[in-house]
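Here's the structure, in structure tokens; my notes come after.
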Amino acid sequence: WRKQRAFSDANVLVWFEAALDGASDRIARKARDDAGELLARWADLEIKNAPGGGDASKLAALALLAAPRSATALLASGSVCEAKGEFREAAEFFAEAVDVRPDQGTAYSALARAQKATGDLGGARATLAQGIEHAPTFAPLWHEASELA
């Protein structure tokens with residue numbers, strides 16, 4: 001599913017900055033946001049498909065570098081931590097994603113999952129309740145809340 005060429009964060013950054021050379025601020029900002037989204041989604045694919053998570057850590061870090069206030073990039077970084085069993089660190093990324101996009105149910109779900117993994121069931125319940133309030137159409141929140149009831 002991916003090319004057999006070794007990943008190099010230096011190559012990605014050089015190409016990215018060269019592509020933005022001379023671009024207007026608005027275009028550069030949009031390109032960075034889009035690159036952050038793409039890198040974050042690539043990191044998720046690495047976590048799910050590559051042995052040992054592949055280059056997910058590098059990709060998530062690049063996503064945050066490109067788009068530090070992207071909920072998708074924050075979720076990818078949290079997922080990397082979660083995959084390593086670093087649930088407190090994951091919760092920090094997920095909480096920031098909730099702050100950036102309070103309408104994104106995935107962020108509440110991820111934060112509640114990390115809170116549950118650290119034994120903070122009350123926090124997980126509160127997060128799910130808040131998620132249901134802000135993202136009522138994200139069905140997994142309702143299911144997860146009923147499991148913690």
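The values are calculated or read from the model by the stated rules, or taken from the named source; none is laboratory data. Keep in mind that what you see is a predicted model, and the values were worked out from it rather than measured. Because the Cβ atoms are built from the backbone with ideal geometry, glycine has one as well, and the counts that use them run over all protein chains shown. Surface accessibility is based on the protein's heavy atoms, side chains included, excluding ligands, DNA and RNA. Shrake-Rupley method; radii C 1.70, N 1.55, O 1.52, S 1.80 Å.
Would you confirm, using the coordinates I've provided, whether residue 40 is in contact with a helix residue (DSSP H, G or I) (Cβ under 8 Å, 6 or more places away or on another chain), crowded, with 24+ Cβ neighbours inside 10 Å and of a type in the set (A, V, I, L, M, F, W, C)? Yes. Checked against (1) in contact (Cβ under 8 Å) with a residue 40 or more places away in the chain; (2) open to solvent by less than 40 Å² (accessible area, probe 1.4 Å), residue 35 passes all but condition (1).
In the range 127-149, the residues that are under 20 Å from residue 96 (Cα atoms) reach residues that are acidic (Asp, Glu) with C-beta atoms within less than 7 angstrom, at least six apart or across chains, in these pairs: 128/144; 134/103; 135/103.
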